[in-house]
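Notes follow the structure.
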Amino acid sequence: MKKWFKHPLAYVAIILAMVCGLIFVLAAVPGFNKLPSGTQNLRVVVLDQDQSSVSKNIATHLENKLPFKMVTATSFANAKRQLNTRQAALIIQIDKGFYQRVTRGQAPKLTYTVNQSNGLLQNMVTKNVTTQVTTQVASQLTTAKVTQMLAQSAGEALMQKQQAVAKQQVKQQLQAALAKSPQLAQQPAQLKKLQQQAIARVKHQQQQRLMPQVKKQAAATAATLTGQVATTTTKLHALPTNYQYQFAPMFLNLGAYLGIMLMSLVLTLMFMSARHVIGKWSALLAVQLNGFIGVLVAPLVTLGTLRCLISFSSSAFWQLFGVQVLFGLAVFEFTLAIAFLCGGLPSMILQLPLLVSQVVASGAIIPRPALNGFYRWLSTHTPMSQGVYSTFNALYGGANSGYTSALWWLISLSLLAVILIGWLGYRSTKTNPLSRLVPFTAGN
């Protein structure tokens, strides 16, 4: 027993347990420090298609009261593009005819358009926002400001109906004035002034006479709107209610990343030994070919298994295959560059926290806008987020938004880094303990 605890590996095992736990805490927990306040960075598009005084007031109220980045759009096509590219989380559409339905005492209509091809938290937040908006609009319709708008509108409508009567009254007053002073007919300026005075007097009289009716009509209309808002939710890209579908993109890419990272470590160890036998550049070419084969074969197995668990079409399968191959190449070159830089196994000190941080920043749970600055930067400059969003697109729909080009850039830059590190960092002709971990002889 004493001999056991004299062996250094006994303490290395304990240190590994502590280090792994520490890595996960330090790499994952800070990613949630902007929640729940970080969700306020989500963009919500308000599209006012009615353009009436009431609808404009509602739109302004929503922009001022809701804790999100409220933006306006000029057309539904523009708003839909923002939603499809994940620049916006929700479209709130004030439908045409909103004002007319308000004045008729009918429930006005709102249309919500959501893109469910997103992470869990974003879908939960957008669902909650639609409830908040409906409540806000229902309460706003009965405020004094809206009642005043309705009164003004009702007054204008009644005045229009009374125009014929008003014209007749003005005519009668002018005739009476001319009867008293016939000379006014020869004085156009005085006659015009008299006409303006008659119009103002008649208008004032009508307002005084109609005001009680206007107020009563506006108040009655506003009262009928309490809690009565008709809503419709349109899903741009619908997601099945089963949570297997929601989490499939994250676990598919997490599994692929972890497997390819381990493959790159093994191939690095082989390279470190094989370069002394077959030459550095031949060994590096072998590593690349071996990695490419692994990246091609692994998705066939994982996607085949995934299709047994959730339902998606053959076209989606092959689209996913293309996404996974591109993602796999990016991960392989990315993790291989780090492994080459750190000499194989020691790179796990960087690789593990980087993996955990990317899971947080992937967008599968927390949307990009809700992350803090570091994790948002990590999300756009590492493979996981690009792979997760591309998988969402392949399975459920969505615009590319640069995910593919980002992966190609990662592949190119990482491959260049591998070549430079191999050229500059592996010049020694003597073997070392790390290069002997995976023996490679000419007989192999």
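The values are calculated or read from the model by the stated rules, or taken from the named source; none is laboratory data. Keep in mind that what you see is a predicted model, and the values were worked out from it rather than measured. Reconstructed Cβ throughout: ideal geometry from the backbone, glycine too, with neighbour counts over all protein chains shown. Only protein heavy atoms, including side chains, enter the accessible area calculation; ligands, DNA and RNA are left aside. Shrake-Rupley method; radii C 1.70, N 1.55, O 1.52, S 1.80 Å.
The table below lists the values:
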{"item": "Enumeration of residues in region 53-87 that are open to solvent by 70 Å² or more (accessible area, probe 1.4 Å), assigned to a loop (DSSP other than H, G, I, E, B) and in contact with a Ser or Thr (Cβ under 9 Å, 6 or more places away or on another chain)", "result": "87"}
{"item": "Top-ranked residue of region 67-100 - restricted to ones that are among the β-branched types (Val, Ile, Thr) and out of contact with any Leu (no Cβ under 7 Å at 6 or more places or on another chain), ranked as farthest from residue 368 (Cα to Cα)", "result": "74"}
{"item": "Residue in region 79-102 that is in contact with an Asp or Glu (Cβ under 7 Å, 6 or more places away or on another chain), over 30 Å from residue 393 (Cβ atoms) and of a type in the set (D, E, K, R) present", "result": "yes"}
{"item": "Search result, residues across region 57-86 that are in contact with a strand residue (DSSP E or B) (Cβ under 6 Å, 6 or more places away or on another chain), within 21 Å of residue 98 (Cα to Cα) and among the charged types (D, E, K, R)", "result": "63"}
{"item": "Those residues of region 298-324 which are open to solvent by less than 20 Å² (accessible area, probe 1.4 Å) and under 28 Å from residue 420 (Cβ atoms), in sequence order", "result": "324"}
{"item": "Any hit, region 325-339, residues being within 17 Å of residue 253 (Cα to Cα) and free of Cβ contacts under 8 Å to residues at least 40 places away in the same chain", "result": "yes"}
{"item": "Condition met for residue 44 (in a helix (DSSP H, G or I) and either open to solvent by 20 Å² or more (accessible area, probe 1.4 Å) or in contact with a strand residue (DSSP E or B) (Cβ under 8 Å, 6 or more places away or on another chain) (or both))", "result": "no"}
{"item": "Checking residue 295 against (1) open to solvent by less than 40 Å² (accessible area, probe 1.4 Å); (2) without any contact (Cβ under 8 Å) to a residue 40 or more places away in the chain; (3) farther than 24 Å from residue 387 by Cα, the condition it does not meet", "result": "(3)"}
{"item": "Every residue from region 270-296 that is β-branched (Val, Ile, Thr) and within 16 Å of residue 336 (Cα to Cα)", "result": "287, 293, 295"}
{"item": "Which numbered condition residue 262 misses (of (1) within 19 Å of residue 396 (Cβ to Cβ); (2) open to solvent by 10 Å² or more (accessible area, probe 1.4 Å))", "result": "(1)"}
{"item": "Tally, over region 365-381, of residues that are assigned to a loop (DSSP other than H, G, I, E, B), open to solvent by 10 Å² or more (accessible area, probe 1.4 Å) and either more than 15 Å from residue 239 (Cβ to Cβ) or small (Gly, Ala, Ser) (or both)", "result": "1"}
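For (1) modelled with pLDDT under 95; (2) part of a helix (DSSP H, G or I), each residue gets a yes or a no:
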position: 339; (1), (2): yes, yes
position: 346; (1), (2): yes, yes
position: 349; (1), (2): yes, yes
position: 352; (1), (2): yes, yes
position: 356; (1), (2): yes, yes
position: 363; (1), (2): yes, no
position: 401; (1), (2): yes, no
position: 416; (1), (2): no, yes
position: 421; (1), (2): yes, yes
